[in-house]
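Please read the structure below before turning to the comments.
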Amino acid sequence: MIPIQPQDSASGAQAAVQRDIQHYMRPGTLQLGSLPPLSLYVHLPWCIRKCPYCDFNSHEHGRDGPELPEDRYIDALVADLESALPLIWGRTVHSIFIGGGTPSLFAPESIDRLLAAIRARLRMEADCEITMEANPGTFETDRFRAFRAAGVTRLSIGVQSFDDRLLQAVGRVHDGAQARAAVREAADSFETFNIDLMYALPGQTELDLARDLDVAMSFAPPHLSVYHLTIEPNTYFAKFPPAIPEDDLAYDMLDRITARTAAAGMRRYEISAYAREGHQCWHNRNYWQFGDYLGIGAGAHSKLSFAHRIVRQVRFRDPARYMDQALAGAPLAQDGEVRRADLPFEYMLNALRLREGFALQDFMERTGLPLSSIAKGLDAAQAKGLITRDLGRVVPTERGFDFLSDLQELFLAE
């Protein structure tokens, strides 16, 4: 990545963006016959309290603190989007994801203003999926219904567990009763919604997990995301690691999750995602299929394709600095091309998460590379029993799913 120097004026920033566009449109090392689908990610970085396992760009904003700078931050998001429009001009947006932080800290009126500004500037599919993350700790009666009225079509609720003891162990601000109330409200307000759960939590047993699954399934969720608790660098848990279940128990928990969701008519379509027919998350599928996404907001990442190159961008992380930079027309902290040699691994890092795998034709279209660039990795993966393949498709085996990191690493640049 190449750092972008802050600009002193909006006109100077716009000139830099124009130079970037001219550079991106010049002949390069790739040959993309068509551009992939495009999504929009919007980052709202504040939460009531940062969870000890969280390594996202989130910033604490307690209930008793000063008011959130909602109006100024949305002004900054709109300015950020406007500065990026030349990079995606004429392209249609298929999905929007409002993530965080805890986006449900923002008032429904603010989300309404944000979505209205986006609609005024982007060409959107008529059935564009608009997801927003929400936490039970910010739940109020009818609040979720107000987000639906603002234009959100899908809610993703960060429950993690319905067990008070386990919620306390991972530092969540809500309790089990609030989690149940939030999911009930979401089920009443949205045709499709997601429940986020975690497993292998400190002190969790298989019976604890079974109870969480029973509660979750009692709401007949259209979509369920279930993540293994991992200890990420630069988090509180990395400094003070809790005692978590051994790997063998964690594998037993995953088997229980897969069996319980299947019995409820849900299909495991991605390494951590289960859905009923017609309720897969379009936005996340676009990530996993190596689609494009424009990210706006503090610390947001973008991946954008052009005829001869693929570009990654990162916005300034600190919310105050981001607002200053975005309103000045210069939100980018980093902007650079993905190296040709890194594209196979980047593609596999996403596509191999899908249960259905990927079509070889899609690999060539999304990366602009020939199949010879992944032939060695595919041969090694097949020899290890990690994939099956035919002339048109590559699919991870059960073993490949169990040892996904090992499978993905076969495609690292030498």
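Bear in mind that the values in this text are calculations on the coordinates, not laboratory data. In this text, all values refer to a predicted model and were calculated from it rather than measured experimentally. Virtual Cβ from ideal backbone geometry, glycine too; neighbours counted across all protein chains shown.
Its relative contact order, with pairs defined as Cα atoms under 8 Å and 6+ residues apart, puts the stretch 340-414 at 40 percent. Among 353-359, 247-253, sorting by the average number of other beta carbon atoms lying within 10 angstrom of each residue, highest first, gives 353-359, 247-253.
Peptides 24-30, 155-161, 168-174 ranked from most to least packed give 155-161, 168-174, 24-30, packing being the mean of other C-beta atoms within 10 angstrom over each peptide's residues. Calculate, for residue 22 and residue 85, the FRET efficiency according to 1/(1 + (r/R0)^6) with r their C-beta to C-beta distance and R0 22 Å; round to the nearest 0.05. Taking R0 as 22 Å, the efficiency between residue 22 and residue 85 is 0.90. Could you name the lysines in cross-link range of residue 50, using Cα to Cα under 25 Å and dropping any fewer than eight places away on the same chain? In chain and number order, the partners are 239. For residue 376, a cut-off of 19 angstrom between C-alpha atoms picks up these lysines, skipping any fewer than 8 places away in its own chain: 384. Relative contact order for the chain: what is it in percent, counting Cα pairs under 8 Å that are at least 6 residues apart? The normalised contact order for the chain reaches 21 percent.
Residues 271, 98, 21 in ascending order of nearby Cβ atoms (within 10 Å, fewest first): 21, 271, 98. Listed by Cβ neighbour count within 10 Å, with the fewest neighbours leading, 384, 239 appear as 239, 384. With the simple spin-label model, which puts each label point 7 Å out from Cα in the Cβ direction, the residue 345 to residue 149 separation comes to 5.0 nm.
Helices in the chain, meaning DSSP H runs of at least 4 residues, each add -39500 (n - 2.57). Divided by all residues, the mean residue ellipticity at 222 nm is -11500 deg cm²/dmol.
The charge dipole of the stretch 2-286, taken about its Cα centre with unit charges on the Cβ atoms of Lys, Arg (+1), Asp and Glu (-1) only, comes to about 680 debye.
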